[in-house]
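Worksheet: the structure to be examined is printed underneath.
Read the figures in this text as sums done on the coordinates, not as results from a lab. Treat the numbers as computed from the prediction; the structure is a model and nothing was measured. Methodologically, a virtual Cβ is constructed for each residue, glycine included, from the backbone with ideal geometry; neighbour enumeration extends over all protein chains shown.
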Protein chains: 2
Amino acid sequence: MVSEKTIGRLSLYRRLLNGLMEENRRNIYSRELALLAGGTAPQVRRDLMSIGYSGSTASGYDVADLADSISGFLGNPGGTSGVIVGAGNLGRAIISYFASRRPMLKLLAAFDNDPSKIGAEVCGRPCWDIAELSEKVAEFGVRLGVITVPAEAAQETGDRLVFAGVTGILNFAPSRLRVPDNVYVEHVDLTTSMEKVAYFVQSNTQRRTLEA
Amino acid sequence: MVSEKTIGRLSLYRRLLNGLMEENRRNIYSRELALLAGGTAPQVRRDLMSIGYSGSTASGYDVADLADSISGFLGNPGGTSGVIVGAGNLGRAIISYFASRRPMLKLLAAFDNDPSKIGAEVCGRPCWDIAELSEKVAEFGVRLGVITVPAEAAQETGDRLVFAGVTGILNFAPSRLRVPDNVYVEHVDLTTSMEKVAYFVQSNTQRRTLEA
DNA sequence: TAGATTGTTAATCGATTAACAATC
DNA sequence: TAGATTGTTAATCGATTAACAATC
């Protein structure tokens, strides 16, 4: 019903609205929200209509009420707990990134296969042996997993997570995961993102050089 | 001409091909590459056709030759140097992430406004005062910037980078940047990515609960 | 040749955009 | 009322998918 892109934008709208509430803003127009979110006004209205929320003509949307409605639809991400597999540089950064935000993902533990990390604490979270992954995930009833292992190990890691009952994966490894239909995978490829920017920078530079 | 999505996929293809070369694979079919990249075979062929590369029937694509052609089109990301603004948890992680990969972005320096960080080293890179940003960026001829500052400071940071001559920005702050037409912005919003996964996990859980 | 693959063309699908009537 | 905004409908655009001819 509601598209995946809309889900992502609603998440952004909610955070923008929370920011506005701190400034005591009461109402907002689709045009303003679109400007903040980097979209268009009709798009914002369509997104909100898709979750059954209506604004009122001439006064737009009530900031607090809209934030509540989006939360009612998206649910509370802070109520979801997860685990992270791969306690390298990126893994540690993700842990501290999410730990420093309030209504955010609770990462209960990290997993790694490096003996020097197993048993230690990583950014305040315990780091366990990957061999214990299935057991621990099932024990805590975790349904969300974050993958920050090298590309070669990503599929095996995904398989383990799914086997243990995880139904949502945030994958930072640059390889696509094959998972059952009921499992959702969100893919974040930092290297691709960076290379896209590098490409446009280089083509821009070339254009300038040719013009000169 | 070539779509932005294709640019991103070509980046992934190149890395997958580099991996295959280490295994001494000589040729590959669109179907196999699609499986690795998480796409479809016609899509892979279309992407390659869009950069003027042709395979041969019955033997597919030459791995080394294709990797070369993609590199000829995308350019060398390792030849691009950049700076990062914001030396917090995420900023440090990004520095170490890109530093640990070979043909990757060279981040020359970090910038921050925290006096305790200015003058220090951050993951082997110097950390300078944001006030010096324009001067330093112009001095080194940097054209790529990474933004890892809080949302409130993102637009100002982007303005400074653009003013100093940056034409490509990798933005990790959850707010859209307004930039001139000749500047390319790639947006990575980790919180949105995570909340999308959390949403699908929760809706999955609800469905299961209702079924039970 | 037979079989599998590639490149090309047409059809489909989805999302975005534009135009307009309804509303406060 | 006048003006600006919302929700709705139709048109456009782009990318993906499917079907097919060409090729080794």
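Using helices alone, I'd like the mean residue ellipticity at 222 nm for chain A: each DSSP H run of four-plus residues gives -39500 (n - 2.57), total over residue count, nearest 500.
It comes out at -15500 deg cm²/dmol, rounded to the nearest 500.
If the only charges are +1 at each Lys and Arg Cβ and -1 at each Asp and Glu Cβ, what is the size of the charge dipole of the protein assembly as shown around the Cα centre, to the nearest 20 debye?
I would put it at about 640 debye.
Taking amide H atoms as placed 1.01 Å from N in the peptide plane, list the residues 5 or more away in sequence, or in a different chain, whose amide H sits under 5 Å from that of B:V166.
Residues meeting the criterion, in which the H sits 1.01 Å from N, do not exist here.
Report ³J(HN,Hα) in whole Hz for each residue of the stretch A:186-202, in order, from the Karplus equation J = 6.51 cos²θ - 1.76 cosθ + 1.60 where θ = phi - 60°; Gly and Pro get x.
9, 10, 10, 10, 5, 5, 4, 4, 5, 5, 5, 4, 4, 4, 5, 5, 5
Can you list the HN-Hα couplings for the stretch B:105-118, worked out from phi with the Karplus curve (6.51, -1.76, 1.60; θ = phi - 60°), rounded to whole Hz and with x for Gly and Pro?
Whole-Hz 3J(HN,Hα) from phi for the stretch B:105-118: 4, 8, 8, 6, 7, 10, 10, 8, 10, 7, x, 6, 9, 4.
How long are the semi-axes of the equivalent ellipsoid of the protein assembly as shown, taking √(5λ) for every eigenvalue λ of the Cα gyration tensor, in whole Å from largest down?
32, 29, 24
Axis carrying A onto B: which residue of A has the nearest Cβ, and how far, whole Å?
Residue nearest the A-to-B axis, with distance in whole Å: A:A93, 1.
Evaluate peptide B:87-98: per residue, the Cβ atoms of other protein chains within 10 Å of its Cβ; return the mean as an integer.
5
On C-alpha positions alone, give me the angle between the axis of helix B:41-50 and the longest principal axis of chain B, in degrees, nearest 10.
On a 0 to 90 degree scale, this one is about 60.
Is there a simple number for the mean count of other chain Cβ atoms within 10 Å of the Cβ of residues in A:200-210, and what is it?
6
How shielded is B:181-193 by partner chains, expressed as the average number of their Cβ atoms within 10 Å of its Cβ atoms?
Per residue, the number of nearby Cβ atoms from other chains is 6 on average.
For A:G60, list long-range residues whose amide hydrogen, built 1.01 Å from N in the peptide plane, is under 5 Å from its own amide hydrogen.
none
Mind pulling the angle between the C-alpha long axis of helix B:89-99 and the longest principal axis of chain B? Nearest 10 degrees, somewhere in 0 to 90.
50
Let me know the volume per residue of the alpha-carbon convex hull for the stretch B:12-65, in Å³.
So the per-residue Cα hull volume is 72 Å³.
If we hang a label 7 Å off Cα along the beta carbon direction at B:E22, how far is it from the matching labels on the other copies, in nm, shortest first?
For B:E22, the other copies' label points sit at 4.3 nm, shortest first.
Just to verify a number: FRET efficiency for B:E135 and A:L210, C-beta to C-beta distance, R0 = 25 Å, to 0.05?
Calculated value: 0.35.
Express in nm, to one decimal, how much length is gained between A:S116 and A:T57 on full extension, taking 0.36 nm for each residue of separation and deducting their alpha carbon distance.
Working it through step by step, the gained length comes to 15.1 nm.
Would you kindly compute the Cα radius of gyration of the stretch A:48-144 and its largest Cα-Cα separation (Dmax), both in Å?
Using the Cα atoms of the stretch A:48-144, the pair Rg, Dmax is 18.7, 63 Å.
Report, for B:E152, each distance to the same residue's label point in the other copies, shortest first and in nm; define the point 7 Å along Cα→Cβ.
For B:E152, the other copies' label points sit at 4.6 nm, shortest first.
Can you work out ³J(HN,Hα) from phi for every residue in the stretch B:62-70, in order, using Karplus 6.51 cos²θ - 1.76 cosθ + 1.60 and θ = phi - 60°, giving whole Hz and x for Gly and Pro?
With the stated coefficients, the stretch B:62-70 comes to 6, 4, 5, 5, 5, 4, 4, 5, 5 Hz.
Any chance you could check the Cα centroid distance between the stretch B:106-146 and the stretch A:33-111 for me, in angstrom?
Here the answer is 31 Å between Cα centres.
If I model a spin label as a point 7 Å beyond the Cα along the Cα-Cβ vector, how far apart are those points for B:R26 and A:N182 in nm?
For B:R26 paired with A:N182, the spin-label model returns 4.6 nm.
Would you mind listing the distances between the A:R101 label point and the same position in each other copy? Use 7 Å along Cα-to-C-beta, nm, one decimal, shortest first.
Sorted ascending, the copy-to-copy spacings read 2.1 nm.
Alpha carbons only, please: Rg and Dmax for chain B, in angstrom.
Radius of gyration, then largest Cα-Cα span, for chain B: 20.6, 65 Å.
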